[in-house]
Amino acid sequence: MTIQLGIPVLRLARNNSQGPAPTSRPAGLPSKLLDRFGRQATDMRLSVTDKCNLRCTYCMPADGMQWLPKEAVMTAGEIERIVGIGVERLGVRELRITGGEPLVRPDLVEVIATLRARHPELPISMTTNGVGLDKKAEALKEAGLTRVNVSLDSLHEEVFSQLTRRPFLGKVLAGVEGARAAGLGPVKINAVLMRGVNDQEAPELLEWALQRDIELRFIEQMPLDAQRGWTEHGMITAPEIRALLSAEFVLERDRRQRDGAPAERFEVRRRHAATGEASGTVLGTVGIIASVSEPFCSDCRRTRVTAEGKIMSCLFSREEFDILALLRAGAEDDELMHLWQDAMWKKPRAHGMDHAGLGTEDFVQPDRSMSAIGG
Ligand code: SAM
């Protein structure tokens, strides 16, 4: 039987009359991170800390987050071993460092330098809120970081402070410039729009990004906030984002192969105020990550490891696999590899968070917030 939800396709020795795919991994599969639905994970998201210096309203409560004790967090050496297995034995082809806020980890430069020394060709990117990035960008580049995504939801201090609960807009803007100057590009910007807070700022954010030749990506707000304040009505959907931008820009879907990328990309032209027509020149591109309204699970290539070394095959996984505990118990690489493959094999077909799933038993909000998983 061929189960095809995206590419590549895994041929399983089964047919429909045999019922659902087995939850235990059949013997004899290749050494890759394969799941029951024919997907292969090649993109690893690695959280290096659960701590953060912002308190974005869609992610964390104002107070009361319980941080992991230091000894629970993977050391640089443990990270090196786990990433090494992913890359050298299981087909991981790109690594994204995330958190929490990766920049608050004191040995971040060392972590990256260690990974770079072992994997000279591996693309290593980082998602960061940009606070303090101007001061560390050069060292990170020198250590071997390839590029960064910076999260920025507003260009207005008041709105930024309302969303992040910290008055750090200037620091983030300095961080973006520092990353560009250090050659950590192409720098991409991630923005989450919140109804009645920063949604009307969408065209201004795009204008700002286009002027700097930066790719902006809008992310639909997902139900991954620690305080469980997400509502379907509150979320600004991808169609709404396109409509907000259309007041000033004409967007044309980029028809090139998406290649597992979460963002759907659009070419941007200016809308002529009088005629409403598109101006001739393409000014740049904008991405929209429609995880909720137009999910892309069938093409997902991600595997995640949390700061305390738990493998999650999906942001919405209810089941976690403790690779760090196994490693600390003295396991051989083969055992760690098999645990990771088992975790991947059990990856759910979809997160159940589309409109059909929300509010039904298909969708259960996970216990972890985005910051505790690693977005
Ligand atoms: N601290 C870093 C940062 O701010 O980029 C990395 C971690 S943060 C959890 C990664 C990304 O997740 C950010 O772009 C953030 O905006 C996004 N994010 C957090 N909570 C989210 C949610 N509930 N829905 C959608 N995106 C979210």
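The values are calculated or read from the model by the stated rules, or taken from the named source; none is laboratory data. For clarity, every value in this text was computed on a predicted model and none was experimentally measured. Methodologically, a virtual Cβ is constructed for each residue, glycine included, from the backbone with ideal geometry; neighbour enumeration extends over all protein chains shown. The accessibility values were calculated without ligands, DNA or RNA, using every heavy atom of the protein model including side chains. Shrake-Rupley method; radii C 1.70, N 1.55, O 1.52, S 1.80 Å.
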Legend entry - the range 292-333, subset polar (S, T, N, Q) and either open to solvent by 20 Å² or more (accessible area, probe 1.4 Å) or within 14 Å of the chain's Cα centre (by Cα) (or both), residue farthest from M44 (Cα to Cα): S293
Legend entry - Members of the range 219-264 found to be under 20 Å from the mean Cα position of the chain (by Cα), under 24 Å from E277 (Cα atoms) and modelled with pLDDT of 95 or more, listed by number: A238, I241
Legend entry - Count of the range 60-85 residues which are open to solvent by less than 20 Å² (accessible area, probe 1.4 Å) and either of a type outside the set (G, A, S) or part of a strand (DSSP E or B) (or both): 6
Inset, instruction - Can you give me the ranges of the strands (runs of 3 or more DSSP E) entirely in the range 268-333 with at least 2 residues that are more than 21 Å from R36 (Cα to Cα) and of a type outside the set (V, I, T)? - result: 284-289
Legend entry - Residue match in the range 199-206 (condition: away from the ligand (no atom under 12 Å from the Cβ), free of Cβ contacts under 8 Å to residues at least 24 places away in the same chain and not aromatic (F, W, Y)): no
Inset, instruction - Just need a number here: residues in the range 131-171 that are farther than 25 Å from P106 by Cβ and not hydroxyl-bearing (S, T, Y). - result: 9
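Just give me the residues in the range 104-118 being of a type outside the set (D, E) and without any contact (Cβ under 8 Å) to a residue 40 or more places away in the chain, in sequence order.
P106, V109, I112, A113, T114, L115, R116, A117, R118
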Legend entry - Total residues in the range 214-237, condition touching a Leu at 6+ places or on another chain (Cβ under 8 Å) and assigned to a strand (DSSP E or B): 2
Legend entry - Output for the range 275-295, where each listed residue is free of Cβ contacts under 8 Å to residues at least 60 places away in the same chain and over 18 Å from A243 (Cβ atoms): T275, S279, G280, T281, V282, P295
Legend entry - Checklist (1) within 16 Å of the ligand (Cβ to nearest atom); (2) within 24 Å of L184 (Cβ to Cβ); (3) without any contact (Cβ under 8 Å) to a residue 24 or more places away in the chain applied to E121, failing item: (1)
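Search the range 185-197 for residues being under 18 Å from the mean Cα position of the chain (by Cα), assigned to a loop (DSSP other than H, G, I, E, B) and within 14 Å of the ligand (Cβ to nearest atom), and hand back the single one that is nearest to L152 (Cα to Cα).
Only one residue fits best here, namely L193.
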Legend entry - One residue from E335, E361 being modelled with pLDDT of 85 or more and more than 14 Å from the ligand (Cβ to nearest atom): E335
Legend entry - Single residue of the range 93-117 satisfying the filter (within 12 Å of the ligand (Cβ to nearest atom) and among the β-branched types (V, I, T)) that is farthest from T146 (Cα to Cα): V104
